[in-house]
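Just so it is clear, none of the values below were taken in a lab; they were calculated from the coordinates. What you see is a predicted model, and the numbers here were worked out from it, not measured in a lab. Don't worry about glycine lacking a Cβ; one is built from the backbone with ideal geometry, like all the others, and counts go over all protein chains shown.
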Number of protein chains: 2
Amino acid sequence: MATAQTAHLSDDDLATLDRYWRAANYLAVGQIYLLANPLPAEPLSVEHIKPRLLGHWGTTPGLNLIYAHLNRVIRARDLDAIHVTGPGHGGPATLACCWLDGSYSDVYPDVSRDAEGMTRLFRQFSFPGGVPSHVAPETPGSIHEGGELGYALSHAYGAAFDNPGLVVAAIVGDGEAETGPLATGWHGNKFLDPVHDGAVLPILHLNGYKIANPAVLSRLPHEELDQLLRGYGHEPVFVEGDDPATVHHAMAAALDHCLDRIAGHQRAAREDGVSGRPRWPMIVLRTPKGWTGPATVDGKPVEGTWRAHQVPLSGLRESPGHLRQLEEWMRSYRPEELFDEQGRPLPEVLAQVPAGDRRLGSNPHTNGGRLLRSLPVPAIRDYAVKVPEPGATLHEPTRILGGLLRDLMRRTEKSRDFRLFGPDETASNRLQDVYDATGKGWQDEILSTDEHLARDGRVLEMLSEHNCQGWLEGYLLTGRHGLFSSYEAFIHIVTSMANQHAKWLKVSRELPWRMPLSSLNYLLTSHVWRQDHNGFSHQDPGFIDHMVNKDPQTIRVYLPPDANTLLAVAGKTLDSRDLINIVAAGKQPCFDWLSLDDAVNHVERGVSVWDWAGSDTGREPDVVLAAAGDVPTQEVMAAASLLRAHLPDLAVRVVNVVDLMRLLPHTEHPSGLNDHGFDAVFTADKPVIFAYHGYPWLIHRLTYRRNGHANIHVRGYKEQGTTTTPFDMVVLNDMDRYRLVMDVIDRVPGLALRAIGVRQLMKDKRNEHRSYIREHGQDMPEIREWTWA
Amino acid sequence: MATAQTAHLSDDDLATLDRYWRAANYLAVGQIYLLANPLPAEPLSVEHIKPRLLGHWGTTPGLNLIYAHLNRVIRARDLDAIHVTGPGHGGPATLACCWLDGSYSDVYPDVSRDAEGMTRLFRQFSFPGGVPSHVAPETPGSIHEGGELGYALSHAYGAAFDNPGLVVAAIVGDGEAETGPLATGWHGNKFLDPVHDGAVLPILHLNGYKIANPAVLSRLPHEELDQLLRGYGHEPVFVEGDDPATVHHAMAAALDHCLDRIAGHQRAAREDGVSGRPRWPMIVLRTPKGWTGPATVDGKPVEGTWRAHQVPLSGLRESPGHLRQLEEWMRSYRPEELFDEQGRPLPEVLAQVPAGDRRLGSNPHTNGGRLLRSLPVPAIRDYAVKVPEPGATLHEPTRILGGLLRDLMRRTEKSRDFRLFGPDETASNRLQDVYDATGKGWQDEILSTDEHLARDGRVLEMLSEHNCQGWLEGYLLTGRHGLFSSYEAFIHIVTSMANQHAKWLKVSRELPWRMPLSSLNYLLTSHVWRQDHNGFSHQDPGFIDHMVNKDPQTIRVYLPPDANTLLAVAGKTLDSRDLINIVAAGKQPCFDWLSLDDAVNHVERGVSVWDWAGSDTGREPDVVLAAAGDVPTQEVMAAASLLRAHLPDLAVRVVNVVDLMRLLPHTEHPSGLNDHGFDAVFTADKPVIFAYHGYPWLIHRLTYRRNGHANIHVRGYKEQGTTTTPFDMVVLNDMDRYRLVMDVIDRVPGLALRAIGVRQLMKDKRNEHRSYIREHGQDMPEIREWTWA
C-alpha cells in the first residue's frame, strides 16, 4: 500500500486532529523555552526564557502526530492500546500529550490543565527540581525511557505477550533503527502468538537524521527499505509528506488499515483456527525533522535537517531576532484557537481524546503494578532433595529448580502471567522439566524433528540476549512475572540494558503513583568455573561487579551452594517486588550440603557458620574458611576436610555466604550486616580465607570498612582459563583445596613451621594434578571421587 | 540466482574438493574423539578415545566445505582473502584446515603434517594443556573468536576498510544471525567504499538449528529470507542441498559468480568512476547440521537436527555400538584415499590449497602486527594551549584533541591506516576539526543539507556501538590504528565485546608468533557529570570498573584533568601496542591547569603532587586532597582555595591522579606504584579526601592494600542524577567543593571544633545553591564565575 493520497478523514475530524497536534507542538516548544508567559499573553521577552535551553525538538512533532492519531483510533474503536516511544528523548511530546489528556494532572495535581499548570509544565521541563528531558518513569503512560535507544521493539513485544486484547504502538526512530538490539527486535514477531498475545504495531518514524548524520534506513532506496521490512515479516504502509493535511489523511488511513489487518489476523487465528505467522502490518512515517519549526535560522536550513535535532533557536538573550523568531514560531500554532484565556485546552482540541483508562497516559498496562497478581509459587518443600548427611549426594541444582518452574508454569496456565526467557539454553541449563508444562513459543513452521515447540509456549528462546532482556522487561513493566536464564559470561551482553532497568526501578520507587513491579530475576548458570566445552571466551563473572554499582535498594545477589539452597532462593525471589535478583548457580552435579530447612534458614540469614563442617565448636577459631558460590563451597569443604585430617588441632570455622550483599555494611545496603553481626561470623581479628565465585577484589570492595578487613584473603577467578578440566580451572586461579590449605598455613600465626610438611604435601598435590591431567585429560581420581561425608 | 543445478566444476576439481573436504571432516572428528590411533591404523578401541568428549560437530562440515571452496578460488584467482568464521565454536574445522594447508605446522612445528603431528592435533584439542575448542588467538589465520557470537560481520567490515585488495569471507551462523550486533552488522555495506576498501562476502550458513531450537532465519519462508537479505543491500545466491556433489558444483558456481560481481563493482567504481553503493553479492549456504555425521543414534535422528550440535555419539566406553558407529563414521571418509601411511595428506587432497601467504591460515592480514606501521602522531606540542597561570583559562579538551586528530588524519591520508569511529557524536564530542582533513564515510545518497559526508571518509559514524567497536577491532586486528569516541554511559553497550577483545589480547601476547597490535583506544566523553540535556539514563561511569577486572597487562585508564593533559595522554596511547586504553575526558570548557611540559610529566608520573596548589610546602600535610577526573579536579581545586581562604594555617596537599592504575600495587599491575611511592604522595597516615570521576568504591578496590587505606575517604558518583545543572550534579553526589571542605574538617584530627564556623558556612552554601537553582535554573554566579587564579 502506497501513501494514501485521498481524503480519509471528515473535515471535522481533520480539524480536530490538527488542532490537537498544534496544541501538542505548542506545548512542546513552551517546555523547551519558557519560564513564564505561557499562552503567550504578552510579547515574549528574555525574562520569559529559560536560562539553559535543553530538549530535543527534532523528533517531537512526529511523536505528537502519532499520539494524536492513536487517540483517534483508540476512541473510535474503544481500543486498549499503549505506546512505546523509542525516541524517548522527545520528552516534550509525551509530556505535552499526557498533559492534554489529563493523565498528567491526575498524578501531579499541581500541574493542572490550565495556565498555572501550563506554566509549571513548561518551567519544570529539564529544570533543576523538575522533570527529565526524556520520557522517563516520571512520565505517565510510559514503560520505556528511550535514552539509550535500541529497546523499543523488544519492550513492545514483552508488553504484548499474554495480553491478547492489547495493541502496542512501538515507535522506532530512524537513529534507533541502526542499533543492534533494534535490528533484531523486529524478529519478535516470530514469537508472538496471534491467539494468546496482543499485537505490536511498529511505526518506523523516519525524519532523515540522527544528531549530525543522515540515518541509514532513511537513505535506503525505497525498494530496499520495503524489502527489508517485508524481510522482517511485515507488510509496510508508507505515510510520507510534509503537508499536514495530506499526512493526517494518510496517517489516519494507514492506522485504520493496520488495525483492520491486525483484527483480521487475530480473528483468523482465534476464531477460524488459522495457524502460522501472519505478516503483521506496520507503518513507515516519513516527515521532516523538526517539522513546523523554524525553516531556517541565521540563513541555514533547520527544519528537515539534522540542525533541528535539539534546540533550533538559541542565544535568545543575545539575539532579539531569534527571540522574535521564537514568538512567531509559537504563534504559528495559533494558541488562541487551542486554549481559553485560563489556559485550558478548548473542547474542540480534545474532541478525539479518549477517556479514563483508555488514555495513553493512563492505561493501567503502563503502570503494571496496578495489574500485578501475586505469583503462585509452589511450596519449595515439594521439590527439596533429601540430604541424609551433608556432602554425600549430588544433584544438579538447576534441574531441581526446573521441577518447581514446571509446576509454576502449570499454576499459571490460566493466568498466563509468568514466562521463562533465555537464548536457547533452557534445556542445556537443565531446566527442561518446564517443557512438561508448556512449550517453547514458535510461530513459524514446526518440523517432526523439533521438540517442545508450541504456538502458545511460554518459554521464549532466541539467540539474542537483547531480546530476552527487553521482552522480560516489557513483560514485567506491564505487570507480569518472569525469569531470564543465561550463560553467566554472556549476560554482559545486556549490561547496559540492566543498567537502565535498575535506573527505572530506582526512580519509580520514589513515585507514589507507580505501583511495585515484579522483580527482574536472573539465573546465571553455565558459569565461569564450568566451561569445560567452551573455555576462556565463556568465562566472565563480572556482571555481579557491574550490578552492585547500581542503587542498593534494587540489587540482590545470591550464590546458593547447592540444590536446596537454590530452591530457597527461588522461594524468596520469584514473587518479590522492584528488585533485580541475580542468582548464580551451577547446572553440573553439585554436592548437597543443606536440608531444605537449613537452606531456608541459610538464605534468611544470608551468611551462616556451618558448625557441622568446622572444627571450632566451643572454641575461638584459629582461622575462618569462607565460601560464596557452589564451586568455592566445594573447594572450601575439601580444604576443611584436608585440614581436619592433617592438622586436627586447628580450630577451623567454616562460613558460607549465600546473600552476597550481607557483606556490605547495613548503612550501605538494606541487606547489609552491621559490624557486630559481621564480626560474630568472620571475627574481627582472625585470618579469613575466602573462596569467592567471581573476581576476588569484589569481596574487598564489599568489606573494606569491616574491622577485620586486613585479615581477609580472597581467592577467586582472576581471568585465568581455557578449555580444561573443572579442577584445573580452580587450580589455574589458585582457588583449589590444596591452595586454600596452603593459605591457611601461611596466614595462621605460628602455623607455618609446624605445618611445613603439610604445606609441601599440598604443593606436591598441585603438581601431581598438573601432570595427571596432561596425561589423562581428566582430573585425578581423588578429585573426581572426593566426597565430604 | 537460484541454486546452480548444473556442473560447474571439472571432474578433477570436484574430486579434489571432495577429497579435501573429506580429509577436513575426518580430521575434525578425530579431534573431538581420538587420543591415539589417528588414521586409524587398527580398529578403534576405548583406549583410543578421549575421556571427556568436547567440541561442536554440527557446524563443522559446513565450515570445512567453505574453507575448501575458498582455497579453490584463492588459488584460481590468486586472491588475497581471509575468513572470519562466526561459528567459531566449530574449532575442529578451522584447525583441520590450517593443519592441512601447513599453516599450523609453520607456527607449531611439533604438530607436524604427518601421523605424529596428527596425533598431537587430535590429542591437544579441548585437552588440558592443549588448545581451546573454539577458533581462538591460538588458531592461525583467525582474527575472530566466535565464542560470544554476533560480531562476524562487523569484524569482517573492519578488516576490509582500507584494504582495497582484500576479500573477507564472513561466515555467519544462523544462530549468530539472531543476535542484535549481527542483525545490524549487515548495514556495514553502507559504509564500505568500493574504491578504497576491500570486499566483504557474507556467507550465511544455515544448518537449521541452534543448540536446541530451530534458528529464526532458517525457518523463514524462502521469499521472506530473500527479501530480508535484499533489504540488507545484498544480492543473495542460494546454495542448498545435502548431496555433496550437487553442493560442490553449486558452491563453486556461487563463489565464482560472487567474486566476479565483486570484481565488477570494484572495477566500475575504481576505473569507470561509478559512484553509489553497489548491491554486493552474498551466499546463503543451506546444508544439514552435522552433515556426513551419524544419521541416527539410538534410533533418534541426529544428522540434520539440533542433536548434532556438539558431540553426536557419546558414552563410547559404555556402548560398544557407539564405538563401532564412530569407527564407521570415520572410515566413511575413506582416510586411505586421503593420507599416506605416514599420515601425510596426499598431493591429490592438497591440489587446490594455495601456497605461502595466500593460505587462509597464513594470510598476514590475520596476524595484523606483521603489517602494522608506526602511527605518525604529530608532535603534541603544536596543539598545546598556553597556560600563563593555572586555572585562569578555559578550553574544551576534546576540541584541542580534535586539532591533533585532524593532522593525524592528514598524515595518514596516503597510508589510510587510521580511522575514527563513533555513534554519530564526533562533532557533538567537539572533535569536528577532523572534518577539515577527512569526511564521514557514506555510500548512499548525499544531499545538499548534509555536512562532511564523503565516499572515502575515514570517520565512521553509525548509531550502533556494536558496529563501531566491531569495525575498530577488525581494523586493529588486521594491523591498523584507530580511536572510538563514545558517550561514557553507552560504552556499556559493548562491555561484552570489550571483554572478548581483552581476552584476545591477553592470549595473543603469550603467543610468540602473534605480532603486537595497535591498542584499542576509547575516548569516553559526554561523561557522567555533564549530562545537562539527558539526565539519569546517560550517567554511568562503570565501564572503567568493568575493564579493570580484565588482565592488568592489557588495561590502562587515564583521567586527564585538562586539555594539555589530554594531549599528553593521546601522545602516550595512540601509537601504543596491545593495550586497551580508556580515556575519560570532558568536552565542556574546562580550566587549564598544566602547561604541556607539566602535563607530559604528569602523565609519565601518573600521580602528581600539585605543589603550587597546596599549602603544605616545606611541611607535613594535615590532609591530602586528591582528584582523578576533570570535574573532580575542579571541585578539589575550589575546595583547596576555600581552605586557603578560610583555614589558612591548614597544610593541604593537592594530588592529581591521571593514570588510575598507578593506585594498584606494582605487584598487581605493571603501572602500579610500590608502597613507598604511594606513601610518598598520599602519606601513610594522613586523611585523604579523594574526589573521583566514577563510583567511589573503585578507589577502595584499587587501594585496599595500601598502608593508609583506612584514612582514604572517597567521593564520587553514587547513582544520583537527573537533568540538572553541572554544579547540582556534584552536590547531589556529595562531591562538591563545599562538601569536600566539610570532609576535611570532619577528618583532620582536632579541626572540627576550630572550624565549626567554616563548616556551617559550607553547609549554608549548599543550601543556598539548592534554592538558587530551583529559582533561577542555573548555578549561582559564584560557581559559574569561579576561577582558581
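Taking every DSSP bridge with both residues inside the stretch A:11-352, close to 15 percent are antiparallel. Would you mind computing, in nm to one decimal, how far apart the modelled labels at B:D649 and B:S576 are, each placed 7 Å from Cα along Cα→Cβ? Reported label-point gap for B:D649 and B:S576 is 4.5 nm.
Using the Cβ-Cβ distance between A:R334 and A:D679 with R0 = 60 Å, the FRET efficiency computed as 1/(1 + (r/R0)^6) comes to roughly 0.25. Spin-label model, A:L753 to B:D78: label points 7 Å out along the Cα-to-beta-carbon direction sit 7.8 nm apart.
When B:R411, A:R706 are arranged by Cβ crowding within 10 Å, least crowded first, meaning fewest neighbours, the order is B:R411, A:R706.
Anisotropy class assigned to the stretch B:609-784 is oblate, per the alpha carbon gyration tensor with a/c at or over the 1.5 cut-off and a/b no larger than b/c. Of all DSSP-defined beta bridges confined to the stretch B:380-590, some 10% are antiparallel rather than parallel.
Divided by 2.2 N^0.38 Å, where N counts the residues, the Cα radius of gyration of the stretch A:403-475 comes to 1.05. Among beta bridges from DSSP that stay inside chain A, the antiparallel ones total about 15%. Mean residue ellipticity at 222 nm, helices only, the protein assembly as shown: -11000 deg cm²/dmol; runs of at least 4 DSSP H residues each add -39,500 (n - 2.57), and the sum is divided by the number of residues.
Of the three principal axes defined by the Cα atoms of chain B, the extents in descending order read 94, 64, 43 Å.
Here the stretch A:11-352 is treated with +1 on each Lys and Arg Cβ and -1 on each Asp and Glu Cβ, and its dipole about the Cα centre works out to around 680 debye. Between copies, the label points of B:D357, set 7 Å from Cα on the Cα→Cβ line, lie 7.1 nm apart, reported in increasing order to one decimal in nanometres. Copy-to-copy label distances for A:E445, where each label lies 7 Å from Cα along Cα-to-Cβ, are 3.8 nm in order of increasing length.
Using 0.36 nm per residue and subtracting the Cα-Cα separation, the extra length available between B:E604 and B:S314 on full extension is 98.7 nm. By the count of other C-beta atoms within 10 Å, a proxy for reagent exposure, A:D450, A:D13, A:D78 are ordered fewest to most as A:D78, A:D13, A:D450. Remark: the Cα gyration tensor places the stretch A:195-263 in the oblate category, a/c being 1.5 or greater and a/b not exceeding b/c.
Computed from the C-beta positions of A:Q720 and B:E116, the FRET efficiency with R₀ = 25 Å rounds to 0.25. FRET efficiency for the pair B:K763 and A:E47, taken as 1/(1 + (r/R0)^6) with r the Cβ-Cβ distance and R0 = 30 Å, rounds to 0.40.
For a paramagnetic label modelled on A:N707 (point 7 Å from Cα along Cα→Cβ), amide N atoms under 18 Å away belong, within the stretch B:706-740, to B:710. Dividing the mean sequence gap of close Cα pairs (under 8 Å, 6+ apart) by how many residues chain B holds gives a relative contact order of 11 percent. Neighbour counts of C-beta atoms inside 10 Å place A:V387, B:V195 in the sequence B:V195, A:V387, starting with the fewest. Summary for B:Q760: label point 7 Å along Cα→Cβ; distances to the equivalent points in the other copies, ascending, 7.2 nm.
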